[in-house]
1. Restrict the check to the stretch 211-231 and report whether at least one residue is closer than 24 Å to Gln451 by Cβ, assigned to a strand (DSSP E or B), in the same structural domain as Thr11 (by TED's automatic domain parsing) and of a type in the set (A, V, I, L, M, F, W, C).
2. On the given criteria, is Val126 in contact (Cβ under 8 Å) with a residue 40 or more places away in the chain and farther than 20 Å from Thr362 by Cα?
3. For the stretch 61-70, check the following and say yes or no: at least one residue is modelled with pLDDT of 95 or more and among the charged types (D, E, K, R).
4. Being in contact with a Lys or Arg (Cβ under 7 Å, 6 or more places away or on another chain), in a loop (DSSP other than H, G, I, E, B) and either of a type in the set (D, E, K, R) or within 30 Å of Asp338 (Cα to Cα) (or both) narrows it down to one of Glu453, Glu437, so name that one.
5. Among the residues of the stretch 391-424 satisfying the criterion of being surrounded by fewer than 18 Cβ atoms within 10 Å (Cβ to Cβ) and of a type in the set (Ser, Thr, Tyr), which is farthest from Asp346 (Cα to Cα)?
6. Right, Pro368: touching a residue at least 60 places away in the same chain (Cβ under 8 Å) and within 24 Å of the chain's Cα centre (by Cα) or not?
7. Filter the stretch 456-495 down to residues that are of a type in the set (Lys, Arg) and in a loop (DSSP other than H, G, I, E, B) and give me whichever is farthest from Ala414 (Cα to Cα).
8. Would the stretch 52-61 turn up any residue that is buried (at least 19 other Cβ atoms within 10 Å of the Cβ), under 30 Å from Arg234 (Cβ atoms) and among the hydrophobic types (A, V, I, L, M, F, W, C)?
Amino acid sequence: MIDTVQKLLRTRMDDDSVAVISPERTWTWREYLAGAAAEASALLALLDPARPRHVGALMTNSPAYVRSMAAAALGGYVLCGINTTRRGEGLRSDITRSDCQLLLVDDDHAPLIEGLDLSGVTVLNVAGPRYTEAVATAKTLVPHEVTGTDPFMMIFTSGTSGNPKAVPFVHTMSVMCGLSLVAQMDITAEDVCYLAMPLFHSNGVAVGFSVAVTAGAAMVPVKFSVSRLLPDLRRYGVTFMNYVGKPLALVLATPEQPDDADNPLRIMYGNEATERDIADFSRRFGCRIIDGFGSSEFAVVVVREDGTPPGSIGKGWGGVSIYDPDTLTECATAVFDDNGALLNADDAVGELVNTTGSGPFTGYYNDPAATSERLRHGMYWTGDLAYRDADGWIYLAGRTSDWMRVDGENMAAAPIERILLRLPRLSQVAVYAVPDERVGDQVMAALVLRQGESLTTAEFEEFLSGQPDLSPKAWPRFVRINDDLPQTATNKILKRELSAEGVTAGDGVLWERGPRETSYRVLG
């Protein structure tokens, strides 16, 4: 039985079909894995067996990155994907807290570690002479044999609600993710997989790399680019792409072209896309999109099945429920009015949990405080707010930090965001709380328009007044319109940065609605 990535890759050592594609050249599986085995041999010779066999990777998605992933699997050590958006002390902490003995960097990221105290860490530039010579002169690989429960990689959470946390991603989970998704999407060795999501994150590894190596499909590892996406799809014959966060919205913000659907993309799999973006992207680019929900810890899985109602993320796997974190009881079933507005938010909205435990998640690496926050009372707590209707369909309400107390009423950000995104000219929306001048919170919305679009205060007021399921208290008190919003490396909007800025427009335009009024005025 193949239960490790190590065993899986060994079955492809003599495969002469294409494994990796770059602008410069292609590698067969035989060539790709021979290079990975040489890298593994060279790095194992540098690792101290008395310390954790951890190798950090601070690199852009590239052939070098996926070679290092295969090297870690074949060699039996752990590759720690370091978040490339981190800087200074945060970056140093990620590297040292992951117990990295070696750190692989590329030319783009080598400057980030200059001046950092990385004592005990040997830095190797994958484009440098020392690394090249070590791999070229490596002896035959003598691997450390692993089991299915051994970590293949250390992958980092996206960091939307705090510092990124390292999650051990075991070999069996990588194989299981690959097998499940390959079967679900009919991926074969004839497919070409576009790996544009960061490979330090769960989506890039579990939904990108694992799918490709399980199917024996070709990989195109690149950094995501809106302008380069369609040309790349055509150039490399891409048939599958994974995504997380806002890539669909970012692409859809560009003007539509009559030949957009003239591309080989067949299917996409990801999470956090809106229903509107899924429908628009599928139509515009002629592909099928499957959007699910899963935590980086793989402890909670929600599947969007056929028949999922608008706004819902689907139904949860066994043990998934909505709990009140204070009373430790299951929340009430959601009740809606005739317009679809949630009537019992106080009783229905709670935290999305796995009541049966944490599944494969055993805790964050070297972070007991964060682990304790997630694993409480025998359950896994996601930090995501949600509610569930009478048929079991789950709706996200935002993060636990997205609760707002407006005029004595509890509100959640996500339902308001879903309503605002009905306005076709909007590309991105973030709703968050800002302090009320007296007590509680006020609703603030940050908007990004699609390219070439405009929006007046009168048009926005008319749109809001036409949404029957939008409570008057949920009308944003303040609105900022910007060309872009702060995001993580996985294209998730950093609301905590917006909230910290308060009632400001940044480099954009700020609107204000007076108390108990329905009209907006431009402040600046």
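1. The answer is no; no qualifying residue exists.
2. Taking the combined requirement at face value, the residue satisfies it.
3. Yes, there is a match, as at least one residue in the stretch 61-70 is modelled with pLDDT of 95 or more and among the charged types (D, E, K, R).
4. After ruling out the rest, the residue left standing is Glu453.
5. Among those residues, the one meeting the criterion is Ser401.
6. Judged against the criteria, Pro368 is not a match.
7. Arg477
8. Yes - at least one qualifying residue is present in the stretch 52-61.
The values are calculated or read from the model by the stated rules, or taken from the named source; none is laboratory data. Worth saying up front: this structure is predicted, and the values here are computed from it rather than measured. Cβ sites come from the backbone with ideal geometry, for glycine too, and all protein chains shown count toward neighbours.
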